[in-house]
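What follows is a set of notes on a single structure, which appears directly below.
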Amino acid sequence: MRIVVDTNIIFSAILNSQSWIGQIILCSDKKIKFYSPAYLKTEIRNNIQKIKKYSNLSDYEIDELISILYTRIIFISEEFMPKEILLKADELTKDVDNDDIMFVALALHLKSKLWTGDKILMNTLRQKGFKRFITTKELRERQKNR
């Protein structure tokens, strides 16, 4: 199964690696492949001060955890995205947040599910016919049943 993870999922995993989100990413079996646009790294880097503020981790621990999480994700460069996919993602996300375009585009391109905690994004996309989501609860159930 292919799953595109967005920034808020990785952000949550960094803030609490023992949470269900952190454990799903860190302990999932080989049947689940996590993908993200390379842009995720930029968003995490841009929010590193916020991560430091809200976590109880040292700079070293944060860096180590980010490195470990990144080994669980296959990053796809945005330049490999077909233009028509980017245009479709732009249309789907234009009423929400431009930062979400690449995540939606990658989910469309890979014909995969998008794992996000952004309720506004999910509701907006659902209204426009995009239904390729997977929830933390669904992933948790999957892990429990393996």
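Derivation of every value follows stated rules applied to the coordinates shown; laboratory data play no part. Everything quoted here is computed from the prediction, not taken from an experiment. Quick reminder, even Gly has a Cβ in these numbers, built from the backbone with ideal geometry, and neighbours come from all protein chains shown.
Calculated mean residue ellipticity, 222 nm, the chain: -16500 deg cm²/dmol, from DSSP H runs (n ≥ 4) at -39500 (n - 2.57) each, averaged per residue and rounded to 500. Per the Kirkwood formula applied to alpha carbons, the chain shows a radius of gyration over Rh ratio, Rg over Rh, of 0.95.
The modelled label-to-label distance between Gln49 and Asp95, using points 7 Å beyond Cα along the C-beta direction, is 3.4 nm.
Annotation for the range 72-146 versus the range 11-50: alpha-carbon center distance of 15 Å.
Counting Lys and Arg as +1 and Asp and Glu as -1, what is the net charge of the other residues whose Cβ lies under 11 Å from the Cβ of Ile10?
Net local charge, Ile10 excluded: 0.
Work out, step by step, the length gained on full extension between Asn145 and Phe80: first 0.36 nm times the residue separation, then minus their alpha carbon distance; give nm to one decimal. Present the calculation step by step, with values, prior to reporting the outcome.
Working: separation 65, 0.36 × 65 = 23.40 nm, distance 3.52 nm.
Contour length minus Cα-Cα distance gives 19.9 nm.
Summarising the label geometry, the points placed 7 Å from Cα in the beta-carbon direction at Ser58 and Lys131 lie 5.0 nm from one another.
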